Amino acid sequence: MADYFKPLKVMKKNGPLRFPNLIYPLMKLYQLLSIFFCITLILTFSSLRVFAQSPLDKTITIKLNNVPLKQALDKITAATGVRFTYNEAVAASNIKLTINAKAQSLKQVLEVALANYPYNYSQLDQDILIRYDATKLKKPDAEPAAKPAAAGKFTISGTITSKQSGETIIGASIRLVDGAQGTSTNGYGFYSITLQAGDHQLLVSAIGQKTLVVPVSLTHDQRLNITMEDNAQELQTVTITATQKGARDLKSPQMGVEKLNIKEINDVPVLLGEHDVMKTIQLFPGIKSAGEGSGGFYVRGGATDQNLLMLDEATVYNAYHLLGFFSTFNSDAIKNVSIYKGDMPAQYGGRLSSVIDVKMNDGNNQKFGVSGGVGVIAARLNVEGPIQKGKSSFLISARRTYADAFLKFSKDTVVKNSQLYFYDINAKANLVLGDKDRVYISGYLGKDVLTANNVNGINWGNTTATLRWNHIFNNRFFSNTSFIYSNYDYEIKVKQDVNTYKITSRIKDWNFKEDMQYDVGSDHSLSFGVNSVYHTIKPGEISASGNSGIISQTLETRYAWDNAAYVSDTWKVTDRFSLTYGTRLSAFSIIGPGTYYDVNADGAITNSTHYNSGQIVKTYVNLEPRAAAAFQLNDISSVKASYARNAQNLHLISNSTPGSPTDKWVASTNLIKPELADQFSVGYYRDLAEHKYEFTFETYYKKLQNQLDYRNDANIFTNQPIETQLLYGKGRTYGAEFLLRKKTGRLTGWVSYTLSKSERLIDGINNNQWYNARQDRTHDLAVVGIYKLNDKWTLSANFVFYTGDAVTYPSGKYQIDGATYYYYTNRNASRLPAYHRLDLGATKQLKKTKKYSSELNFSLYNAYGNRNAYRIFFRDNKTDPNKTEAVRTTLFTYVPSITYNFKF
Amino acid sequence: MHTIRFSAILMILLGLLSSCEKVIDLKLNNSAPQTVIEGTVSNEAGGAKVSISLSKKFTDDSSFEGISGAQVTVEADGTIYNFDPTATGVYQNATLVGIPGHTYHLTVKLNDKTYTSTSTMPQIVKLDSIYVVDDELSTNKDKTKLRIAVVKYQDPANVQNYYRFIEYIDGRKEKSLFIDEDEFTNRQTVNSRLNFNNDNDDPAREIRTGKTLMVEMECIDAAVYKYLFSLNSGSTGNDNNAAPSNPTSNITGGVLGYFSAYPITRKTITVPAN
């Protein structure tokens, strides 16, 4: 408006121009016209609004008594047709409205209803926006003396647990409703957040739980334990404009990590209906199955022994039962699984390619419960309950197969007398000792037995026992101390006529771990600790009786002491930029008693030295720096980069195609150096369609050193030191991973694709040229869909496609002494045919009451029966021995199964 | 000790599941033909024989394709023995009879290339006896119990001994490789089973009552044992080994094959009734 007067002012300043006096009246007219014009505009616009009635002016007659905010708004929508828009936090608000309105305008209704709450309403197009406003209820600053403003920052900390079961919740997110500050609970459900003094609303969310808004008035350090309610179903029906429940953390610098929802695991169809976290993770990018009949997996081109599997802090050496059908982790009792694909935080170490950290449930400390299931070849049972309600609980979980029961039906006597079973038992108890301490004691026992006709057999198993103590020093300082015992062993028994042989092998660990987390201010979160493991490895003991002439032998037991210390800081540099930097220092000492050798290039022993008990043969010290950075571009996307170095001192030396439990675990020696990996990765993360979809792209390059392989003429069952059979070299792997995930709605699932390469260069193999590692897999695609048809039925399907394994095929054949043998040129230069299959699954909810629920699960593995090659071998033709042929073995086609699950 | 294979037990049990085998067509890359030299000198007349052949393409006929025109000699204790061609690719010397403890040097000149090898004939360890046992697990195709030949011998104490056994059933040579070493059986009385897989279900390979069973025992040197061991573990095409590869030959010059000087003892029985 003022602009219109400017010419007049100018005129006044400079004096009237020597124009005719007509100008002044003209300007005045112009001025009037402008004013008139503006007024007209205003009137026009307001009249438009008047003609399309404002939603706030709509009248309503409604009576509500203490109805939660969201429901109240829904009812108003139903009555007036006016829609409300509000974010997550508002939807979860626990304020209750009481409204008694008769033909009143919505404006009046809302004014009154929200008067005493920190919420504002305003018009947003044809909808009404409900917004949280912290300042709304602030009283004017009339009495400064009465409530002195608490200056500075204070810390809130506590444990987040489930209301129904008392289980601690891992990875729950706690952030300010409107602010950028936030944190998440650690592996024991503990969180700590430092904020400015004053009033705040904390938004607490976790997968599978109802989101909560907790108001706090911060004037001093507080202890705030929070309980959350289970939220089984999550069909979205409201307009959401902010972050989804349990959305991933775009700010966190941690890359290459996947967190799995146990409910998702239960919906993905699997072989023989046994839901398995290890099988489900193989459907994510970068993690590849080692093939049917094998439980191992490869992460980013690494070998199966490069994955650290932890069950409640204890290392598990053999992660799978019988022929890879079942993992050693009973999915019934799993609370959380975190998978790090190589850029693990500094607290983890000892394996190059990945860390799979599995935390089991602690046991419902509110009420007693039993759950379980019966499947085609295995049954599971879970019993848990409080020892002292709210304070302590126990959990026992057991599984056994009964495949051998079917063997009894066979007519073949060999099959009839064979045994094929495994069992595992998880037992835990935990005790809350006061506000600051919690003690856990847990054990795992698993065993597999495979015997043929009571004659030949192999059994193997893991045993672990753990004692853990959580201690909260103060609001910022959390500590976990663990004492762990772990044992993995196998025994092969062979009975031939009068001869009996027994071959045993064992690896035993005693482990002490101390992990601490300390929050320094609101921008730094420090974690540091130590880890010490004493390994006893018995590589083999042969005891023989009978007339075979075999003398009982014992290979020398090996001892090693593995120590590590780490420190790491996560620094919130700015609102958008976070950095994690730290390092792990590991020292692996090989200890006597024992004899250690020097070996020349041909594998012959040149020297041997004997060490006495306690003498240190050699110590390998490795500095393993870890660094990661995350830059949040905007609300929906971020970029991350990371670098990690890892050292591995335990090596699984395998010569067999499917990998067998008799593969040897060998520790580093004076000749076998620690394997090293340096991994660089960069990633881009974006949430699409208002956080309904998550898109992840990560690319990596990993350099491997001190890789091992067997010589071509290696004899595994020799008494000679293993180093005489080994060759050494290096490796490299690189790839690009894509993941698109839909986490809400009736249809959920993901599409995962990895493009990658994994190569080795070993001195003495393939003419010292780079060759494809067996696990090289160019393309790896998985599509998973879970569709919630209705309250009773959930359908699921997954489709898997990947390039066949890199294998060595013959390039010719020749005769030696009348028999045909094959000639080979390049190692792993050929490929098995591409592998693909479709699995279908359906789950029907049978009964669901508060006391008892049950469901029936159907699955069909390899639904279109693709004949995937388990192995391809070569032989003389049966009818014409002068011809040779290639034979493909397929394991599984069309395998249906039914499982019945119950819970009460 | 014959290797006890986890994979064998595994395959039996996997066979219970819905697995299947199918012959498929594979396009394999074929390398240039490789020279194969098999040379033997035994302590019997007629045992001095060298076969030279070429490797074939996978799709070719597997039969022996000899190469003529090679000059083959073996030198021992200062004497050079010439090997004359008796068939295409087969070169023999009728008079050379090996003596345990003596060293034999093979030289083959073929197409401007020279290949050499050395083998020392080990001392004789006699085959004491052979007999037949019933296998606990396996059966023949007609469900009768599978019967296996067992060799018995006394392993001497002071040396490292390596053995090869060749089994003949009714005069037909069993093509499977049977080798033994004394790493676990030094100075013991050894009863060793000659286990093999009758993968083409050929009745002629079965041990049955009334058939003639003959076993030859060769005492071989370390390099030949290594060759046969790596041949059996890496080149049979059976995919038990994750990394199939060519055997470690004891002939220099880049050929497939081996040269072995060994003494032989034999035992023959008629297979008794079960």
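The values are calculated or read from the model by the stated rules, or taken from the named source; none is laboratory data. Because the structure is a prediction, the values reported are computed rather than measured. Note: ideal-geometry Cβ built from the backbone for every residue, glycine included; neighbour counts use all protein chains shown. Protein only, heavy atoms only, side chains kept; ligands, DNA and RNA dropped before computing areas. Shrake-Rupley method; radii C 1.70, N 1.55, O 1.52, S 1.80 Å.
For this structure, a couple of remarks:
- Relative contact order (%) - the stretch A:422-470, alpha-carbon pairs under 8 angstrom, separation at least six: 37
- The B:THR95 and A:VAL498 beta-carbon pair, evaluated with R₀ = 51 Å, returns a calculated FRET efficiency of approximately 0.65.
- Counting DSSP beta bridges with both ends in chain B, the antiparallel % (nearest 5): 90
- Solvent-accessible surface (1.4 Å probe) assigned to A:LYS757 amounts to roughly 60 Å².
- Cross-linked pairs A:LYS428/A:LYS730; A:LYS416/B:LYS173; A:LYS288/A:LYS508: Cα-Cα separations exceed 32 Å for A:LYS428/A:LYS730; A:LYS416/B:LYS173.
- Listed by chain and number, the aspartates and glutamates whose C-alpha is less than 15 Å from the C-alpha of A:LYS664, apart from same-chain residues fewer than 8 away, are A:ASP305, A:ASP489, A:GLU491, A:GLU541, A:GLU556, A:ASP709, A:GLU723.
- Cα gyration tensor category, rounded, prolate or oblate, for the stretch A:559-659 with a/c compared to 1.5: prolate
- Summarising the label geometry, the points placed 7 Å from Cα in the beta-carbon direction at A:ASN719 and B:THR88 lie 4.9 nm from one another.
- Taken per residue, the accessible surface of the stretch A:804-904 reaches 41 Å², heavy atoms only and a 1.4 Å probe.
- In this simple spin-label approximation, B:LYS27 and B:THR270 carry label points 7 Å from Cα along the Cα→Cβ vector, and these lie 5.8 nm apart.
- Ellipticity estimate at 222 nm from DSSP helix runs (n ≥ 4, -39,500 (n - 2.57)) divided over chain A, nearest 500: -2500 deg cm²/dmol
- Crossing angle, helix A:2-14 versus chain A [Cα axis fit, 0-90 degrees, rounded to tens]: 60
- Additional length obtainable on full extension of the chain from A:LYS851 to A:ILE605, 0.36 nm per residue less Cα span: 81.7 nm
- Over 21 Å (Cα to Cα) - which of A:LYS367/A:LYS851; A:LYS70/A:LYS844; A:LYS279/A:LYS703; A:LYS883/B:LYS109; A:LYS210/A:LYS692 fall in this group: A:LYS70/A:LYS844; A:LYS279/A:LYS703; A:LYS883/B:LYS109
- In summary, the convex hull built on the alpha carbon positions of the stretch A:458-611 has an orientation-averaged projected area of 15.1 nm².
- Annotation: extensible slack from A:PHE697 through A:ASN100 equals 209.6 nm (criterion: 0.36 nm per residue apart, minus Cα-Cα distance).
- Accessible carbon and sulfur surface of the protein assembly as shown relative to its total accessible area, %, 1.4 Å: 55
- Space enclosed by the convex hull of the alpha-carbon atoms of the stretch B:17-101, per residue, Å³: 177
- Kirkwood hydrodynamic radius computed over the stretch A:650-754 comes to 17.3 Å, based on all pairs of distinct alpha carbons.
- Mean partner shielding of peptide A:881-893, defined as the number of other chain Cβ atoms within 10 Å of each residue Cβ, is 6.
- By accessible area with a 1.4 Å probe, ligands and nucleic acids excluded, highest first: order of B:CYS20, B:CYS219: B:CYS20, B:CYS219
- Rg and Dmax [Cα atoms of chain A; Å; Rg one decimal, Dmax integer]: 33.6, 137
- Spread over its residues, the convex hull of the C-alpha atoms of the stretch B:82-125 is 93 Å³ per residue.
- Modelled spin-label separation between A:PHE409 and A:HIS471, with each label point placed 7 Å from Cα along the Cα-to-Cβ direction: 5.8 nm.
- Computed with the Debye formula from one identical point scatterer per Cα of chain B, without solvent, the log10 of I(q)/I(0) at q = 0.10, 0.14, 0.15, 0.16 Å⁻¹ comes to -0.60, -1.16, -1.30, -1.42.
- The value obtained for the stretch A:293-409, namely the Cα convex hull volume divided by the number of residues, is 120 Å³ per residue.
- Per-pair calculated FRET efficiency, R0 = 51 Å: A:THR619 and A:THR227 via Cβ, rounded to 0.05: 0.60
- Partner chain coverage, peptide A:707-718 - average Cβ within 10 angstrom: 5
- Among A:ASP497, A:ASP876, the sequence by solvent-accessible area, most first, with a 1.4 Å probe is A:ASP497, A:ASP876.
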